[in-house]
Amino acid sequence: MAVLTKGFAVERGDELAVLDETTQRTWAEFDQRINQMIHAMRSAGLGAGDTVAIVMGNTNEWFEVAFACSNAGLTFVPVNWHLIGPEIAYILADSGSKAVFVSNDFVEAVSMALNDPATEGVVVAVATGTPSDARFVGYEEFIADQPTSEPDGQSFGGPMFYTSGTTGNPKGVRGSLSTMPVGTDPAIWQFVAGGVAGSIPTPGRTVLCGPAYH
């Protein structure tokens, strides 16, 4: 079981974990698909310290990829799906992404981005549904033959966000939580979440969150 979901999978396995417009998954199912995604990423040559990009809407698959990265030591870059091909290409190249995970609705824009020679470092492209571009493998096909067993050697991973680019090209912002040494226990995310929850002891209290600059 993935470190970040195994407690829920054991104690609340039959309860709803995530749902979108088409599908819902229990905690047990969610955990198993995260495990499969970690195995699939490793089989495709992605390992701790690598970066992947996610160009998806608010779907179950977005969370599966993000949680897999968070347990496999990968940095994931959420890419705004409103961006066009050249803008996506810039982020893929600048972030050093080796893979891109895409909702089927955005395959055309990402295909345009992959035509840019600057994105030649992207060696894995995965899309939900039936991709219209042969360079993409279908999401379900990507994980289908992978085991649901708990992956070994799990490691802390996290997001790298890009600025809006209003004063120039967008810039990747790596906070302290996306620069942990390879091999750091993913369970640190649970301490982070616990700390945030503990700072809001009174229901209804307003918390103002701002970016950290380094």
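Residues that are touching a helix residue (DSSP H, G or I) at 6+ places or on another chain (Cβ under 9 Å), at pLDDT below 95, assigned to a helix (DSSP H, G or I) and among the aliphatic types (A, V, I, L, M) are absent from segment 33-41. Against the criterion of being modelled with pLDDT under 90, surrounded by fewer than 16 Cβ atoms within 10 Å (Cβ to Cβ), over 22 Å from Phe101 (Cβ atoms) and not small (Gly, Ala, Ser), Asp185 qualifies. In segment 6-26, the residue that is most open to solvent (accessible area, probe 1.4 Å) out of those that are more than 18 Å from Gln36 (Cα to Cα) and not in a loop (DSSP other than H, G, I, E, B) is Glu11. Of the residues Gly73, Gly96, which single one is touching a Ser or Thr at 6+ places or on another chain (Cβ under 6 Å), at pLDDT below 95 and within 14 Å of Met160 (Cβ to Cβ)? The match here is Gly73. Take Leu46 and tell me if it is open to solvent by less than 10 Å² (accessible area, probe 1.4 Å) and within 15 Å of Phe142 (Cα to Cα). Yes: the conditions hold for Leu46.
Residues that are at pLDDT below 95 and touching a strand residue (DSSP E or B) at 6+ places or on another chain (Cβ under 6 Å) within segment 116-130 are absent altogether. Residues in segment 77-106 that are free of Cβ contacts under 8 Å to residues at least 60 places away in the same chain, of a type outside the set (Ser, Thr, Tyr) and buried (at least 22 other Cβ atoms within 10 Å of the Cβ): Ile88, Ala89, Leu92, Ala99, Val100, Phe101, Val102.
Residues in segment 159-169 that are modelled with pLDDT under 80 and open to solvent by less than 90 Å² (accessible area, probe 1.4 Å): Gly165, Gly168. Restricting Phe30, Phe76 to residues that are closer than 24 Å to Val173 by Cβ and among the aromatic types (Phe, Trp, Tyr) narrows the list to Phe76.
The values are calculated or read from the model by the stated rules, or taken from the named source; none is laboratory data. Just so we're clear, the structure is a prediction, and the values are computed from it rather than from any experiment. Reconstructed Cβ throughout: ideal geometry from the backbone, glycine too, with neighbour counts over all protein chains shown. Please note that ligands, DNA and RNA were not included when accessible areas were found on the heavy atoms of the full protein model with its side chains. Shrake-Rupley method; radii C 1.70, N 1.55, O 1.52, S 1.80 Å.
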